[in-house]
């Protein structure tokens, strides 16, 4: 669904009003049958022989993904990675607003980052008690990540977006999405190695 949403946004920006499952499939390298199956899981969309209205299908997918409401986020860790995450403007456009930023470095305390004042981590619980937080973004060093995660869970932050280099453990009923950046590079490395091996075999 996120892939469909991103592509439909591109079509909408080009003022394309209608698209078929075949056109979607060809552009996304997915079979038309798979697209119809994915969408039918959530309801009946489109018309036989006509396809889908881009704006209507995009609205349905936004609802499925929970993008039709504002999600309140906080960021813990204002280092290089944290600053990059906070500065990415498309999050707010998609309904994800970082409204609090925390760091353990006293030199960063009081600085502004993407419209937020960086607060000390010691004030995390105080903030969570006074504000609604749907998702906690963790961009801390390895040794601090699980502790921050536990503190978020203890204060009923249900969603955790983890950019730290360890696998976080959360109780049932909480969601953690791991974003290990080096994993993507390792997958590319593996696929490059496969290509090189096939080339060697065909020589």
In degrees rounded to 10, the 0-90 angle between helix 142-154 Cα long axis and the longest Cα principal axis of the chain is 90
Assertion target for 41, 127, ordered by fewest C-beta neighbours within 10 angstrom first, is 41, 127
Rounded to whole angstrom, the alpha-carbon centroid of the range 7-36 lies from that of the range 121-190 at a distance of 33
Here, residue 34 and residue 200, labelled 7 Å along Cα→Cβ, have an inter-label distance in nm of 3.0
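Just from its helices, what would the mean residue ellipticity at 222 nm be for the chain, if runs of 4 or more DSSP H residues each count -39500 (n - 2.57) and the sum is divided by every residue, rounded to the nearest 500 deg cm²/dmol?
Rounded to the nearest 500, the figure is -13500 deg cm²/dmol.
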Measuring from the longest principal axis of the C-alpha atoms of the chain, the long axis of helix 54-64 (C-alpha) lies at a number of degrees, nearest 10, equal to 40
Zone reached by a paramagnetic label modelled 7 Å from residue 180 Cα along Cα→Cβ, restricted to the range 119-158 with backbone N below 14 Å, covers 142
Proxy exposure order for 4, 52 (fewest C-beta within 10 Å first) is 4, 52
If the chain between residue 69 and residue 81 were fully extended at 0.36 nm per residue, the gain over the current Cα-Cα distance would be 1.7 nm
Nearest-0.05 FRET efficiency for residue 134 and residue 27 at R0 = 41 Å, using Cβ-Cβ distance, is 0.80
Taking R0 as 35 Å and r as the Cβ-Cβ distance between residue 188 and residue 111, the FRET efficiency 1/(1 + (r/R0)^6), rounded to the nearest 0.05, comes to 0.50
Length gained, residue 42-residue 12, 0.36 nm per residue minus C-alpha separation, equals 8.6 nm
Of all DSSP beta bridges having both residues in the chain, the percent classed as antiparallel (nearest 5) is 20
For the chain, the longest principal axis of the Cα atoms and the Cα long axis of helix 181-202 enclose an angle in degrees, to the nearest 10, of 40
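Coordinate-derived values only; no laboratory data. Treat the numbers as computed from the prediction; the structure is a model and nothing was measured. When we count neighbours, we look across all protein chains shown, and the Cβ atoms used for this are built from the backbone with ideal geometry, even at glycine.
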